[in-house]
Number of protein chains: 2
Amino acid sequence: MEKMFKGKVVCVALNDSEQRQVMAEQFSEPPYKAPPTQPVLYFKPRNTWNNESEAVAWPANSDEFVVGASLAVIIGKTCCRVTEQQALEYVEGVALLHDFSLPETSYYRPDIKGKCLDGSATLSSPVTLSDVGELSDLVVKTTVNGQPAQQLPLSRLYWDVPALLERISHIMTLEAGDIIAVGFAGERIVLQPYDKVSSSLGQSIRLQNTVGGQYA
Amino acid sequence: MEKMFKGKVVCVALNDSEQRQVMAEQFSEPPYKAPPTQPVLYFKPRNTWNNESEAVAWPANSDEFVVGASLAVIIGKTCCRVTEQQALEYVEGVALLHDFSLPETSYYRPDIKGKCLDGSATLSSPVTLSDVGELSDLVVKTTVNGQPAQQLPLSRLYWDVPALLERISHIMTLEAGDIIAVGFAGERIVLQPYDKVSSSLGQSIRLQNTVGGQYA
């Protein structure tokens, strides 16, 4: 089955301004004692890559499973140390990404165990930037079993897409086909076995997944 | 230029028993207040993959650069939720890996900024398990400019190779070509521009890299 993913998949945590406000007290605790000053990143490696047609397996030995939806920016050409002003030139298209994971207990550096579950990342068909218009006018909307579950207006991103591409491309070179999931709404959505998770972005981007059953 | 790397590159931090003893007090501090009970993992993504023939670039905007050497285990076939007893059946070969990075300040979850520098991972030619004999009899030895810098007897690994493969393959499926760098000696080696870093493992495994110059 063809997978939509081709290169690195880099996700950005803690990029919802409202969540950062809610967490202000937690940020003040040791060891960091301050909110993150740079994007908090994690990878979804190859074993996580899945697609819409296959159920997302419930994690073994876990009663908990959560999901978040993000705008996914698809890199179109090698992108190294670019500025915010140049950044969008390196974007080939946009899509939606679902990140299924175990609930996170430590926010500063997402846990590989919780984030790298087999088949826990899915990506919609992409569209071009010009097809979606102004990114900051768009809202990522997610329903579970048809009921509204979460919304993230992209205007709420703490670092917007150009700011992220500047910062991330100074940390590591991005290649054509690499994906940046730019941010998820505050709390991830708590799932039950067999839930249907659907997200939309603008008029044309849709992503739907079905969660598998829990192991007996 | 052909790169030795093909799949996921998963590195294990904090797997030197001596280092864990030295760090006992640090482990007792918040937020964790205990030593890690599972392997501490990090990835070296595609942009980090390099080879012996190219200088390893000094990181931009940094006066500090460090390196560690590890036994690299090369996975030979899909490896999902295996036991320690089965684990070595999934190993196609072994090699040496150099992990160049910024110095780590927080030990529990290695920092993507410090670990994902472009061209910061190199891999030697591999040999088969039977070529090297008993892993726990081997010693990873590293020199810098010909002077002994560090040794890690593999008997000092806190989790040995079968134990790691059991634990990691329960977190994520490993595929043929994936690499596990099983552990690094306590403190990473501090580098200077133009250093030559050479490591050996057993009679037949060698890896050598030259560090580039610092940006003006």
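Coordinate-derived values only; no laboratory data. In this text, all values refer to a predicted model and were calculated from it rather than measured experimentally. All Cβ positions, even for glycine, are placed from backbone atoms using ideal geometry, and neighbour counts span all protein chains on display.
Worth pointing out:
- Greater than 21 Å apart at Cα, pairs in B:8/B:77; A:8/A:115; B:33/B:115; A:6/A:141; A:77/A:113: B:33/B:115; A:6/A:141; A:77/A:113
- Farthest positive-ward along the protein assembly as shown dipole, Cα basis, beta-carbon charges - from A:87, B:186, A:140: A:87
- The Rg/Rh ratio of segment B:1-44, with both radii computed over alpha carbons and Rh defined as the Kirkwood radius, is 1.18.
- Using only side-chain charges placed at the Cβ, +1 for Lys and Arg and -1 for Asp and Glu, the dipole size of segment A:1-91 relative to its Cα centre rounds to 560 debye.
- Among the chymotrypsin sites (Phe, Trp or Tyr not before Pro) in segment B:126-195, those located in a DSSP loop and surrounded by at most 13 other Cβ atoms within 10 Å of their own Cβ are B:194.
- Using R0 = 25 Å, the C-beta based FRET efficiency linking residue B:53 and residue B:131 works out to 0.60.
- Distance from the Cα centroid of segment A:181-216 to that of segment A:1-73 is 12 Å (rounded to whole angstrom).
- Of the trypsin sites (Lys or Arg not before Pro) found in segment B:66-127, those in coil by DSSP whose Cβ has at most 13 other Cβ atoms within 10 Å are B:77, B:81.
- Segment B:1-98 - convex hull of the alpha-carbon atoms, volume per residue in Å³: 167 Å³
- Dmax and Rg, reported as Rg then Dmax, of chain B (C-alpha, Å): 16.3, 52
- Extended-chain gain in nm, criterion 0.36 nm per residue less alpha-carbon gap, residue A:81 and residue A:34: 14.3 nm
- Summing +1 for each Lys or Arg and -1 for each Asp or Glu among the other residues whose beta-carbon sits under 14 angstrom from that of residue A:189 gives -3.
- Residue-averaged [θ]222 nm for chain B, counting only DSSP H segments that reach four residues, each worth -39500 (n - 2.57): -3000 deg cm²/dmol
- Neighbours of residue B:141, meaning other residues whose beta-carbon lies under 15 angstrom from its beta-carbon, give a summed charge of +1 when Lys and Arg score +1 and Asp and Glu score -1.
- Segment B:109-200 shape via C-alpha gyration tensor axes, a/c threshold 1.5: oblate
- Qualifying chymotrypsin sites (Phe, Trp or Tyr not before Pro) in segment B:1-83, where qualification requires a DSSP coil assignment and no more than 16 other C-beta atoms within 10 Å, comprise B:32.
- Charge tally around residue B:153: other residues with Cβ under 11 Å, Lys/Arg +1 each, Asp/Glu -1 each, net -1.
- Packing around the peptides B:140-151, B:167-178, taken as the average count of other Cβ atoms within 10 Å per residue, puts them in this order, highest first: B:167-178, B:140-151.
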